[in-house]
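Participant: I have a structure here, written as structure tokens, and I will follow up with some questions on it.
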Amino acid sequence: MSLPPSEVPQGAIRFNTDSQRLEFYAQGEWWVMSTDTPNLGRSADPTPGARGIFQGGSAPTNVNIIEYINISSTGDAVDFGDRTVKVQYCNSVSSSTRGVTGGNDPMADTIDFITIASTGDATDFGNLFTGRYGLGATSSATRGVWAGGFSPSKVDTMDYVTIASTGNAQDFGNLTEVKGYSFSGIAASPTRGLFAGGINPSKVSKIEFITIATLGDTQDFGNLTVGKNSGMSCSSSTRAIFGSGETPTILNTIEYVTIASTGNAADFGDLSVTRSIGSACSSSTRGVFGGGENPSKSDVIDYIIIATEGNAVDFGNLDTARKGLAACSNAHGGL
């Protein structure tokens, strides 16, 4: 049985089974202890644990909203600030400190960034190599890559940025085919980035991967359980998660792959609410899905434990129900 806060001795240590991290008690609060991933430890630097960011979208017109959640807890999203422009069908990449978001419908090459540990408005970063919307995204701790989308027709373009700097995106390589509306969110390990699903013009089941630190074209990974577009993706460093999508029927299914291998996706469970055109973020243990549409705009946030299989559980709600939003975190599998 847990002690009430007033009875916890100063300097007490515990293992948080939710966040999978050691914590110590001081000044009336539990603090994450410094480990080999110091960006997640408040004792090592000011990053406030695993924080998820949801931004942009259509509600029903394009918005510049940025909201955040603390992934290890539950509750409603909180206002973070505003983007430089109103956007939908954009996508985000992120490091442990920065979130960088590119693309827009109507077609645009805008990229802006935020500092995840703080709150405040986004700042201009630069421009995509090819202006477009409905694009996929993946990232490591240093490099973010966007792939595919509509410009205005579907493209196979991939471009990248160095997240810690600012400036225009550079050519990375090409997808195996032109497509748009790939899964939104970051599915990556520290070495590999995955892109899944899309439309070209039929629904795509293909999963492709890149080695993020190099340049070059994607390689075949395997297939989703069915061809679909406009789903939500996230990951730990070992497992990538793909939730929802349209076949054109809107699905509530969740599936997964092991990132270090290749092969087809397997069933994981179901979302708590059926919807598509949302986005997802993650910590090393949790995947969180937010927003979407079916048929009205959704403010639902639900989550899973990535290492296990099972259905998503209610997390809370976005402040504004919307679709076509982007999500990222300071603790995803690519870091």
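Participant: Name the residue, out of ALA188, ALA196, that is among the aliphatic types (A, V, I, L, M), within 15 Å of GLY149 (Cβ to Cβ) and within 14 Å of the chain's Cα centre (by Cα).
Facilitator: None of the other options fit; the residue is ALA196.
Participant: Do you know which of the residues in region 151-161 that are without any contact (Cβ under 8 Å) to a residue 60 or more places away in the chain and over 17 Å from ASP112 (Cβ atoms) is surrounded by the fewest Cβ atoms within 10 Å (Cβ to Cβ)?
Facilitator: Selected residue: SER153.
Participant: Let me ask you something else. Considering only region 239-246, I want to know if a residue exists there that is in contact with a Leu (Cβ under 6 Å, 6 or more places away or on another chain), at positive phi and not basic (Lys, Arg).
Facilitator: yes
Participant: May I pose another question? Return the residue satisfying two criteria in turn: it lies in region 107-116 and is farther than 26 Å from SER237 by Cβ and outside any strand (DSSP E or B), and of such residues it is least open to solvent (accessible area, probe 1.4 Å).
Facilitator: ALA108
Participant: A further question on this structure: Given the structure, is GLY227 closer than 26 Å to GLY57 by Cβ and within 20 Å of the chain's Cα centre (by Cα)?
Facilitator: Taking the combined requirement at face value, the residue does not satisfy it.
Participant: Just checking, how many residues over region 239-254 are polar (S, T, N, Q), under 19 Å from the mean Cα position of the chain (by Cα) and open to solvent by 10 Å² or more (accessible area, probe 1.4 Å)?
Facilitator: The qualifying residues number 2.
Participant: For VAL313, state whether it is in contact (Cβ under 8 Å) with a residue 40 or more places away in the chain, within 18 Å of the chain's Cα centre (by Cα) and surrounded by fewer than 17 Cβ atoms within 10 Å (Cβ to Cβ).
Facilitator: Yes.
Participant: Please go through region 129-144 and give me each residue that is crowded, with 24+ Cβ neighbours inside 10 Å and touching a Ser or Thr at 6+ places or on another chain (Cβ under 8 Å), ordered by number.
Facilitator: Passing the criteria: ARG132, GLY134, LEU135, GLY136, ALA137, SER139, SER140, GLY144.
Participant: Any residue that is aliphatic (A, V, I, L, M), assigned to a strand (DSSP E or B) and buried (at least 23 other Cβ atoms within 10 Å of the Cβ) - is there at least one of those in region 162-185?
Facilitator: For region 162-185, residues aliphatic (A, V, I, L, M), assigned to a strand (DSSP E or B) and buried (at least 23 other Cβ atoms within 10 Å of the Cβ): absent.
Participant: Please go through region 53-106 and pick out each residue that is of a type in the set (Val, Ile, Thr), in a loop (DSSP other than H, G, I, E, B) and either free of Cβ contacts under 8 Å to residues at least 40 places away in the same chain or buried (at least 22 other Cβ atoms within 10 Å of the Cβ) (or both).
Facilitator: THR61, ILE71
Participant: Okay, moving on. Does at least one position in region 255-265 carry a residue that is part of a loop (DSSP other than H, G, I, E, B), among the hydrophobic types (A, V, I, L, M, F, W, C) and open to solvent by 50 Å² or more (accessible area, probe 1.4 Å)?
Facilitator: Yes: one or more hits.
Participant: Another question about this same structure. If you check every pair at least six apart or on different chains, which have Cβ atoms under 6 Å apart with a residue in region 163-187 that is under 23 Å from ILE207 (Cα atoms) first and a residue that is basic (Lys, Arg) second?
Facilitator: Close Cβ pairs satisfying both conditions: VAL178/LYS154; LYS179/LYS154; GLY180/LYS154.
Participant: If you don't mind, there's one more thing I want to ask. Sort through ALA331, ALA321 and tell me the only one that's aliphatic (A, V, I, L, M) and buried (at least 21 other Cβ atoms within 10 Å of the Cβ).
Facilitator: Exactly one residue qualifies, and that residue is ALA331.
The values are calculated or read from the model by the stated rules, or taken from the named source; none is laboratory data. A quick note: this is a predicted structure, and the numbers were derived from the prediction, not measured. Cβ atoms come from the backbone with ideal geometry, glycine included; neighbour counts cover every protein chain shown. Note: areas computed on protein heavy atoms with side chains; ligands, DNA, RNA excluded. Shrake-Rupley method; radii C 1.70, N 1.55, O 1.52, S 1.80 Å.
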